[in-house]
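One structure is given below, encoded as C-alpha cells.
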Amino acid sequence: MTQVALMGYGRFGRALGSLLVESGMGYRALDPHAEVPEAHRATSLPELIAGAELVVVAVPVPRLHSVLQALRPHLRPSQLVLDVGSVKVKPVQALAEVLGSEIPWVGTHPLFGPLSLAMAERPLRVVICPNPLHPEAAGRARRFYERLGCEIIEQTPESHDRVMAHTHALTFFVAKGMIDAGTGLEVPFAPASFKALARTIEIVRSDAGHLFAAIQRENPFASEARGQLLKALTEIHEQLQRQPPEPGAPEAGRMAIPTPEPGPRELAEYRQHLEEIDRELLVLLARRTQLVQRAARAEAREAGQGKIPDREESLLATRRAWASELGLEEAEVEAFFRAILHFHRS
C-alpha cells in the first residue's frame, strides 16, 4: 500500500484523505489546528514522514515556506514532496529554495475541492508543473494522481497562474463584489441569467470562500486581471451614463453584447437540447453511483454502532412529493426511482 503523509488537515486535506482511502492508499496526517482521525493521526513530524513515499503539503500558501523548512530535516531523497496550492509561481519558488535538487518535488494544483468530491463530480483534474531539477518527479506525481482517478494537465507555473488569474481569481472577485453589494441573493424570483450567477456564488462560498484573499494576493497576475476587468466595466458604465441615443436608434458597438451565430432550426434545436439533457442525466447517474458506493462503505463502517434504518420507502415518498410539486405523475416518478435503485443494487 502506498503510504502518503499529509501535512495539513484542513478542508482540502480531509477531502484528500477520504479520496486516498477510496483509492486504496494509506495516509497519516499532522495538523495542530485540526482534528485528525485517530487511525490516521501523527503526533510529530518524524512520525508523519517515516515510511511515507509521498509528502503532500496542504497548508495555506503564505505558510508553505516555513512548513517546508520544518519538514526539510526529516525528508529523504527517496520521497516526493507535492504542494496543492491554487497558485503555482510562489509555491514553486518556495519548493526550489528549501528542497532544491536534494529532495524531489513538484508543484501541483488539484482543480477540485471538498464540494466537488462530496458531489462525486467527474472528471477530477490536476495541474502538474514539471520540475527540471527532478525530471522524473512529474511522472511520479502523474501516477499518484491518476491512481486517484484524476486527469492530468501539464503547465508551467507562470502559464498556470495567468490562466487562474483570468478564471479562478476573477470568478472569486466578481462573487465577492456581488456578495458585498447584496446583489439580489435573497430575491424570490430571478431570471435564468442571474440564477447561473447565483449558483456560481454559492459554489464559491461553500467550496473555497475562505481562500479569497490568498487567491487574489498570492497570484502575481491577479491584479492585472482585476484591473482589466475594472477598466472594461468602468468604460461600459461611463458610456451608459452618457446621453442615450434617439428612441428607436440602435445602440452603438460597445453597448451591444455579441450574439452567437444562428443556431439550428427549431426541430433540430429541440433534438440537440434533448441530447444535451440525456448526456447530463447520464453524468448525474454516474455521480449518483459514486455517492451510493461511498454511502455503502460508510454504512459498513457504522454497522457495528447500531441498526441503520432502511431508507428506501422514505426516499421514494420524498421523490413522489417532489414529483407532485413539479406537476409530474407520482407513480411514474416512483417507478423511475425504483429502476434507479435496482440499477445501483445490480
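Here are the numbers:
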read-out	value
Helices (runs of 4 or more DSSP H) enclosed by the range 88-182 - at least 2 residues per element that are free of Cβ contacts under 8 Å to residues at least 24 places away in the same chain	137-147, 157-164, 170-180
Any hit, the range 9-26, residues being in contact with an Asp or Glu (Cβ under 8 Å, 6 or more places away or on another chain), touching a residue at least 40 places away in the same chain (Cβ under 8 Å), at positive phi and not charged (D, E, K, R)	no
Given (1) among the β-branched types (Val, Ile, Thr); (2) buried (at least 22 other Cβ atoms within 10 Å of the Cβ); (3) touching a residue at least 60 places away in the same chain (Cβ under 8 Å), index of the condition residue 57 fails	(3)
Matching option when the condition is modelled with pLDDT of 95 or more, surrounded by 15 or more Cβ atoms within 10 Å (Cβ to Cβ) and within 19 Å of residue 108 (Cα to Cα), among 160, 168	160
Residue ID - surrounded by the most Cβ atoms within 10 Å (Cβ to Cβ), chosen from residues in the range 75-87 that are of a type in the set (Val, Ile, Thr) and assigned to a loop (DSSP other than H, G, I, E, B)	87
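The values are calculated or read from the model by the stated rules, or taken from the named source; none is laboratory data. All figures in this text were calculated on a predicted structure; none of them were measured in a lab. Cβ atoms come from the backbone with ideal geometry, glycine included; neighbour counts cover every protein chain shown.
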